[in-house]
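The structure under discussion appears below in the form of structure tokens.
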Amino acid sequence: MKVDVILGLQWGDEGKGKIVDFLAEKYDVIARFQGGPNAGHTLVFDGKKYVLHTVPSGIFRENQINLIGNGVVIDPITLTKEIDKLIAAEVAYKDRLLVARKAHLILPTHRFLDAVSEAAKGKEKIGSTLKGIGPTYMDKTGRNGLRVGDILLPNFKEKYEALKAKHLGIIGDDPKVDFDLAGEEARWFECLSILRELKHVDSEYYINNALKAGKKVLAEGAQGSMLDIDFGTYPYVTSSNTISSGVCNGLGIAPSRIGEVIGITKAYCTRVGGGPFPTELFDETGEFLRKEGAEFGATTGRPRRCGWIDIPQLKYTIMLNGVTKLVFTKIDVLNNLKEIAAATHYNYDGGSHAELPYDLCEVEITPKLKHFKGWESSLEGVMEYEALPPAAREFLAYLEKELETPIAMVSTGPERKKLIVRDASVLA
Ligand code: GDP
Ligand code: IMO
Ligand code: MG
């Protein structure tokens, strides 16, 4: 068997959680492979909304195992809050949730370091979610990190104190940010009990044995491909490989084990935090998209920056990920626009380009836009691709041709059921 992948093709928040939740029933195991509580994946069903940060989006399905893979970084405090909400929703999470022993832990001082680092950057700040992601991955690659498996070791407290002392040494005596270290630390140790009670596995053996036994595995990406540490808009990125190659490191599977790569894109584009965004709209249309799309961060509540869909950017991330199927989300947000647009090329350095420049931060880019007639009608009740208004189909057909990748699904609302399945093989 192979591992299918769902990931974001833009700057995050493409609607990955909704699509994973929808498709989860078809799989036996749903696994997160990177990122941590910087993610906010929203699920809406039976009139209720849930936001997941560390727990995979298959957790509400009864017969699926959800695995937090070794590539994920875990904050016991956020995880406990998430689990408390699952308990309140009467989800039998204990039988369905596994955690990789090799996943790294976010310490309170990682969050402290994140805050100090952002404050020091001033105007150049990344716009981090301040969840401690960057410092934790730095300790992982710096070979200093603490892992889930370590919490059961007799010398865990000693290891913790050593890493904390290192962090405090970096932070120094005059940190310029407020951080209640004693309070956060007390809570962190309390919350370790939840993590201790979860089933720990060696995810590489678990996944490979599951595949051998004929089980179907779905890998759930966090963030978006343009936030990838290597190929995103560096340095305005996150600290993990968000693209499909991250699945291999983040779960312990070979590249030949990757099956379908389902890339999610909004019908427009958003970004939260700092960094380049070539098609960003600063006018009333940008404001319209933010309002109509309820574009406020699921993790931080910050308003998301909004703009048109960007073909050079999508071609780039489709290439990097080896996307085999596309899913368009939030097409309903465009319902009431007279005219919509897509960027077809980037104008910079006196020429028109289909490829992204080395550094989007250093180049003044003017997107070349192609305009489309809006459909100016509701998509309520539309469940077939052919039943979409002709103008919507024209827009999608153009994008599908340019992106050279088939559209498998189109999402028409936040609710689980508001989804047009055009390619039935995604359900097989
Ligand atoms: P994720 O991080 O990729 O899982 O996405 P988020 O949950 O952060 O943000 C997507 C937002 O759009 C959430 O509020 C979803 O409930 C919502 N959403 C998802 N699909 C659709 C859709 O097709 N239409 C509309 N209007 N909202 C959607
Ligand atoms: P999901 O999984 C959107 C952004 C932050 C910031 C940058 C670095 O919900 O799509 P970090 O906290 O990782 O140091 O922040 O990345 N970012 C996201 N933007 N969706 C996310 O996750 C994000 N996770 C991080 O806003 O610009
Ligand atoms: Mg999100």
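The values are calculated or read from the model by the stated rules, or taken from the named source; none is laboratory data. In this text, all values refer to a predicted model and were calculated from it rather than measured experimentally. Every residue, glycine as well, gets a Cβ built from its backbone with ideal geometry; the counts of neighbours run over all protein chains shown. What goes into the accessible areas is simple: the full protein's heavy atoms, side chains included, and nothing from ligands, DNA or RNA. Shrake-Rupley method; radii C 1.70, N 1.55, O 1.52, S 1.80 Å.
Using the empirical formula 2.2 N^0.38 Å as the baseline, the Cα radius of gyration of the range 8-101 reaches a ratio of 0.99.
The range 131-260 has equivalent-ellipsoid semi-axes of 31, 22, 12 Å, by the square roots of 5 times the alpha carbon gyration tensor eigenvalues, sorted largest first.
Rounded to the nearest 10 degrees, the angle from helix 76-88 to the longest Cα principal axis of the chain is 70 degrees. Model label sites at K199 and D84, defined 7 Å from Cα along the beta-carbon direction, differ in position by 2.6 nm. Rg/Rh for the range 323-411 (Cα atoms only, Rh after Kirkwood) is 1.04.
Cross-link check: pairs K2/K315; K26/K417; K140/K166; K85/K131; K325/K418 evaluated at a Cα-Cα cut-off of 21 Å; pairs beyond the cut-off: K2/K315. Expressed as a fraction of 2.2 N^0.38 Å, the C-alpha radius of gyration for the range 267-389 is 1.13. Here K94 is the anchor, and the aspartates and glutamates within straight C-alpha reach of less than 19 Å, apart from those fewer than 8 places off in the same chain, are D21, E25, D28, E62, D75, E82, D84, E190, E197, D202. To the nearest µm²/s, what D does Stokes-Einstein give for the range 204-279 at 20 °C and 1.002 mPa s, using the Kirkwood radius over alpha carbon pairs as Rh? This corresponds to a translational diffusion coefficient of 152 µm²/s. Given in Å, the Rg to one decimal and the Dmax to the nearest whole number for the Cα atoms of the chain are 21.3, 66.
Taking the 0 to 90 degree range and rounding to the nearest ten, how far is the long axis of helix 181-197 tilted relative to the main principal axis of the chain, both from C-alpha atoms? For helix 181-197, the angle is close to 80 degrees. Using the rule -39500 (n - 2.57) for each DSSP H run of four or more residues, divided by the residues of the chain, the 222 nm mean residue ellipticity is -9500 deg cm²/dmol. For the range 24-112, the carbon plus sulfur part of the accessible surface works out to 44%, probe radius 1.4 Å. Note on the range 175-234: Cα-Cα pairs beyond 14 Å make up 77% of the total pair count.
Rounding to the nearest 10 and keeping the result within 0 to 90°, find how far the Cα-based axis of helix 390-403 lies from the longest principal axis of the chain. Rounded to the nearest ten degrees, it is 60. If you plug the beta carbon distance of E394 and N336 into 1/(1 + (r/R0)^6) with R0 = 22 Å, you get a FRET efficiency near 0.80. Per residue, the solvent-accessible area of the range 329-385 (1.4 Å probe, heavy atoms of protein chains only, all protein chains present) comes to 58 Å².
Between K26 and D349, the modelled label-to-label distance comes to 4.1 nm, taking each label 7 Å out from Cα in the direction of the beta carbon.
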